[in-house]
Amino acid sequence: MLCDMCGSGGKLYEAIVEGAQLNVCDNCKKFGKVLGAVKQKVEEKISRSGKIKESQPETIEIIVSDYAEKIRKKRESLGLRQEDFAKKINEKESLIQKIESGHFEPSIELAKKIGRFLGIRLIEDYEEKLEELKKSKTDSFTIGDFINIKNR
């Protein structure tokens, strides 16, 4: 993660600066009230060439795109009506109708619950491909640029 004020990397702190909550570096924390250190989820490494490399790919769970059709077909193959199916999984019939028609995407927890009952897989792991990001100097101003101009 980068400092919200100057754009530098390193250890960040959560601080209130001029009424705004920002993630700031060691140098910029003096401009506000420090609330605490920021916990970084994915550790970043900055090489001397200015490229940022992330150490771990991010894996998230997503619901399959054809969830509605899979649920409806499996429920029908088991000979269950929507009303009976809803009672068995302790959900409302209207919710099952919306899910099967594709008007409502279930939460991950609900999709797992339905999948367990029907014996189908509704959740898949999605791994986000991370690419090297090149740190570039832009012509636009950062908050840090304004502070530097004001101090001169």
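The values are calculated or read from the model by the stated rules, or taken from the named source; none is laboratory data. All values derive from a computational prediction rather than experimental measurement. Cβ coordinates were reconstructed from backbone atoms using ideal geometry, including for glycine residues, and neighbour counts include every protein chain displayed.
Answer yes if at least one residue in region 28-43 is modelled with pLDDT under 90, among the charged types (D, E, K, R) and in contact with a Ser or Thr (Cβ under 8 Å, 6 or more places away or on another chain), and no otherwise.
yes
Filter region 57-78 down to the residues that are loosely packed, with under 14 Cβ neighbours inside 10 Å, under 12 Å from GLU124 (Cβ atoms) and of a type outside the set (Gly, Ala, Ser), then identify the one that is modelled with the highest pLDDT.
Among those that are loosely packed, with under 14 Cβ neighbours inside 10 Å, under 12 Å from GLU124 (Cβ atoms) and of a type outside the set (Gly, Ala, Ser), it is ASP66.
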